[in-house]
Amino acid sequence: MTERLIPTPALRRWVSDLWLAAGSSEREAQLTAEHLVGANLAGHDSHGVGMVPRYVNSLLADELQLNRHVAVAQDSGAMLVLDGQRGMGQAVTHEAMELAIGRAREHGVCVMGLKHSHHLGRVGHWAEQAIGAGMVSVHFTNAVSKPQVAPHGGKQGRFLTNPFTVGIPVPGREPVLLDFATTAIALGKVRVAHNKQVKVPPGSLLDRHGAPTDDPSVMFPPAGTPQGALLPFGGHKGYALAMVCELLGAALIGGETTRPANSTMKHAIWNNMLTIVFDPERMGSGELFSDELAAFIDWVKSAPAREGSDGILLPGEPERAMRQARAQAVPIDSGTLAQMDEAAAAIRRLRGAGPGPLSALAA
């Protein structure tokens, strides 16, 4: 399937204009556009602007709620539980992280739970928000929707791609950013492969009978046909980490886990997230940490590269390289582009205004 290039500034403006037309405040529209386009710029198209059609469908189904703010559910100083009130994840999570960073400045550490958020997007974005404030952050996130990931040893979905994320600022160097789904491949990447009509890597999927497959269409079957399932990465290891994200990221803070009673939505993805934010300066080892980390990185990178390898990269380096490559334009496959044009048309039918078709901006 062909790809079209959309100029990056125009894409950001189109997403913002769409949500302004839908009814978002200027701040919410801007935060949403910055986050979604930022995911594409980082190379994570699965969490980028291709999510707009699903968000629009969620809005039309009265699931996504615009212009909501976090409400404090529990506050004991360094420990905080916030309720996103089904609001736009890009806006309510930004607020939640601002509060957590402020508490970490005050107390040295904050343990923050955010529950009942609409899809909060690429979790690495929130680690980057903490890094920008000089903070280390650790994130356990679950997602609530139709279960699509099989537990280790099973062949039917029981949870979603529950990501695990760590952000570490490094004085004088680029930060270390770990952000990955607990599945062999993220569902959004399966969606991108399906739209492009390409295969996924072996070991990523099961078909509806529980047999291994590389065909992404098993996750997007015709109505009435059973769905396949994603597989955890690393067998029992990814499965166990996904369970921890489900329990700490959701159940512990009063959020929903992924089970039938909580998965009644049509289009929404609800997220819950437990975040630990702390000030590394309070450890009293700033200079020692920086020197030791630099020496360790140099040692790791001194390993000879294997044949065919692109070299030894640190967590976060691929995203930085992709941002440079996509600074001027973002590639979007024609299938996703058609879905986004329809999303814009749906907002125009609903509100009488909209940004027009995105395809009109394609180079």
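Observations on the model:
- Residue count for segment 215-235 satisfying the condition of being in contact with a Ser or Thr (Cβ under 7 Å, 6 or more places away or on another chain) and farther than 20 Å from ASN162 by Cα: 0.
One line per residue, one yes/no per condition, for (1) surrounded by 20 or more Cβ atoms within 10 Å (Cβ to Cβ); (2) under 19 Å from GLY354 (Cβ atoms); (3) aliphatic (A, V, I, L, M):
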| site | (1), (2), (3) |
| --- | --- |
| GLY38 | yes, no, no |
| VAL52 | yes, yes, yes |
| ASN57 | no, yes, no |
| GLU63 | no, no, no |
| HIS69 | no, no, no |
| ALA73 | no, no, yes |
| GLY77 | no, no, no |
| ASP83 | yes, no, no |
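- Restricting attention to segment 210-230, the residues that are touching a Phe, Trp or Tyr at 6+ places or on another chain (Cβ under 9 Å) and either of a type in the set (A, V, I, L, M) or not in a loop (DSSP other than H, G, I, E, B) (or both) total 0.
- Enumeration of residues in segment 274-307 that are of a type in the set (Lys, Arg) and part of a loop (DSSP other than H, G, I, E, B): ARG306
- At least 3 residues being closer than 21 Å to VAL123 by Cβ and in contact with a helix residue (DSSP H, G or I) (Cβ under 9 Å, 6 or more places away or on another chain) is the threshold, and among the strands (runs of 3 or more DSSP E) wholly inside segment 1-104 those reaching it are 79-83.
- Test: residue in segment 176-184 that is of a type in the set (A, V, I, L, M, F, W, C), in contact with a Phe, Trp or Tyr (Cβ under 6 Å, 6 or more places away or on another chain) and over 24 Å from LEU114 (Cβ atoms): yes
- Within segment 117-172, the set of residues being part of a helix (DSSP H, G or I), crowded, with 24+ Cβ neighbours inside 10 Å and over 12 Å from the mean Cα position of the chain (by Cα) comprises ALA130 only.
- Picking from residues in segment 249-258 that are surrounded by 22 or more Cβ atoms within 10 Å (Cβ to Cβ) and within 19 Å of the chain's Cα centre (by Cα), the one that is modelled with the lowest pLDDT is THR258.
- Each residue in segment 174-199 was checked for being farther than 21 Å from LEU313 by Cα and assigned to a loop (DSSP other than H, G, I, E, B), and 3 pass.
- No other residue among GLU246, GLU287, GLU281 is crowded, with 20+ Cβ neighbours inside 10 Å, among the charged types (D, E, K, R) and either touching a residue at least 12 places away in the same chain (Cβ under 8 Å) or within 30 Å of GLU98 (Cα to Cα) (or both) apart from GLU246.
- Residue match in segment 265-272 (condition: under 30 Å from ASP83 (Cβ atoms) and exposed (fewer than 15 other Cβ atoms within 10 Å of the Cβ)): yes
- Hey, ASP207 under 11 Å from ALA229 (Cα atoms), among the acidic types (Asp, Glu) and touching a helix residue (DSSP H, G or I) at 6+ places or on another chain (Cβ under 8 Å) or not: yes
- Lone qualifier among ALA261, ALA343 - being modelled with pLDDT of 90 or more, of a type in the set (Gly, Ala, Ser), exposed (fewer than 13 other Cβ atoms within 10 Å of the Cβ) and not in a strand (DSSP E or B): ALA261
- Taking the criterion of being buried (at least 19 other Cβ atoms within 10 Å of the Cβ) and not hydrophobic (A, V, I, L, M, F, W, C), the residues of segment 214-243 that qualify are PRO216, GLY228, PRO232, GLY238, TYR239.
- Condition check for GLY188: crowded, with 19+ Cβ neighbours inside 10 Å, modelled with pLDDT under 90, closer than 20 Å to LYS146 by Cα and within 19 Å of the chain's Cα centre (by Cα): yes
The values are calculated or read from the model by the stated rules, or taken from the named source; none is laboratory data. This structure is a prediction, so every number in the text was calculated from the model and none was measured. Ideal geometry is used to build each Cβ from the backbone, glycine not excepted, and the neighbour counts take in all protein chains shown.
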